1. Identify, among Leu83, His197, Thr283, the residue whose Cα sits farthest towards the positive end of the charge dipole of the chain, taking +1 on the Cβ of Lys and Arg and -1 on the Cβ of Asp and Glu, with the dipole about the Cα centre.
2. With a probe of 1.4 Å, find how much accessible area the chain has per residue, and write the answer as a whole number in Å².
3. Excluding same-chain residues fewer than 8 positions from Lys264, which lysines have a Cα within less than 19 Å of its Cα?
4. About the Cα centre, and with charges only on the beta carbon of Lys, Arg (+1) and Asp, Glu (-1), how big is the dipole of the chain? Nearest 20 debye, please.
5. Of the heavy-atom accessible surface of the chain (probe 1.4 angstrom), what whole percent is carbon and sulfur?
6. If ligands, DNA and RNA are left out, what is the accessible area of Ser220 with a 1.4 Å probe, given in Å² to the nearest 10?
7. Please compute the length gained on full extension between Asp329 and Ser84, using 0.36 nm multiplied by the number of residues separating them and subtracting their Cα-Cα distance.
8. Top to bottom by accessible area (1.4 Å), largest first, where do Leu124, Leu136 land?
Amino acid sequence: MRSNVNLLQEIREQVGLTQQELGDRVKVTRQTIAAWEKGSRDMSVAQLAGIGKALGVPLHVLLGSEGRKGPALLFRADDPEVLSAGLRDLLSAKSEDYAAVERFAGELPILPESRPLEDFRPELVEDIARETRDWLGVDDAPLGNVLALLEAKGLKLLDHPLPTQVSGLSAYTDAWGGIIVINSNHPLERQYFTALHELAHLIFHRREYDRPVEPAKRRSDPREKSANYFASAALLPRPIMEKELRGLQRGWIPEPVLGDMKLKYGVSMRTVLLRAGALGMITQRQAGQQVGMLNKRFGVEEESPSLPVPESQPQSRLERLTYRALLKDAITTSRAAEVLGKPLMEVRKQLSAYLTNPVTEGASG
């Protein structure tokens with residue numbers, strides 16, 4: 001059976017597996033994996049299924065996108081050119097599966113109210129960020145686990161390995177609603193910021209997903225400025241900044257203070273600095289200088305201290321909806337395993353645990 005060979009290599013590399021490691025998982029040699037990726041050798045149905053399980057990819061993606069039904073998703077991303085056709089097909093398939101499970105479970109797509117915004121208006125974005133925090137039910141408290149918080153409201157989030165230069169992306173169709181994809185390889189605080197950045201696009205630019213932005217213009221694009229400002233304002237509203245930095249206004253923010261705020265509010269130290277500069281609590285020049293010092297010390301992608309991963313990870317919304325769909329006999333156990341990218345036995349075990357102690361879902365309105 002001929003698979004989508006170009007996509008096979010692409011997904012393997014994104015997941016971070018060598019040809020040897022993938023071969024070990026599906027019990028074939030490295031040379032066999034290489035031959036499959038070159039398209040010089042066909043694989044059996046059983047081998048294709050094994051590849052799908054090892055990579056967490058639906059079989060119909062590996063078989064190619066011909067004959068797929070449903071609308072094509074329109075993506076926004078840090079750099080649209082980085083999203084190859086194969087990666088778009090894979091993420092579209094995962095999004096389609098999520099939307100289908102949501103429908104089978106009797107849920108409706110949830111998004112905050114659309115607030116169209118074409119130019120960059122900081123005061124308005126600040127107000128909408130505050131309204132969104134109210135919608136999330138957090139007032140002036142730390143957001144905590146942003147991903148779990150958004151899922152508890154009924155938003156669709158997917159974590160997936162993406163190219164390093166892509167923090168995340170979002171997609172929207174009228175039929176499926178909005179979907180946010182997070183780069184699972186990035187630090188946790190960056191994932192939190194990205195989720196809110198993409199939420200901003202779904203709030204402000206919901207009808208613009210068919211208007212791709214040229215990469216060279218993205219830094220000056222008011223839509224990107226609005227999304228970044230929204231994410232920082234949602235993570236660090238003005239009252240929090242004033243409380244935490246009282247007495248330090250217009251001065252150098254000590255690194256221990258930055259580290260403490262990072263751990264407390266789930267944000268990068270760079271975000272704290274840029275937010276303080278945007279609010280006029282320090283000058284833009286001071287913010288830039290301190291960010292430059294952090295970049296010189298840790299590199300542009302890293303920071304210390306690291307944000308700890310929560311000890312108890314809540315069951316994802318996709319998992320909860322999948323088990324509900326299973327209980328309704330809307331999907332089969334094998335299909336559930338494919339959607340979740342988990343072994344069949346693990347899905348059966350988790351379904352048994354779900355029946356014993358169903359997870360209480362957050363409000364979805």
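1. Most positive-ward Cα: Leu83.
2. 48 Å²
3. Lys243
4. 380 debye
5. 51 percent
6. 80 Å²
7. Full extension from Asp329 to Ser84 adds 84.7 nm.
8. Ranked list, largest accessible area first: Leu124, Leu136.
The values are calculated or read from the model by the stated rules, or taken from the named source; none is laboratory data. Everything numeric in this text was worked out from a predicted model, so none of it was measured. Note: ideal-geometry Cβ built from the backbone for every residue, glycine included; neighbour counts use all protein chains shown. Just the protein is used for accessible areas: all its heavy atoms, side chains included, with ligands, DNA and RNA removed. Shrake-Rupley method; radii C 1.70, N 1.55, O 1.52, S 1.80 Å.
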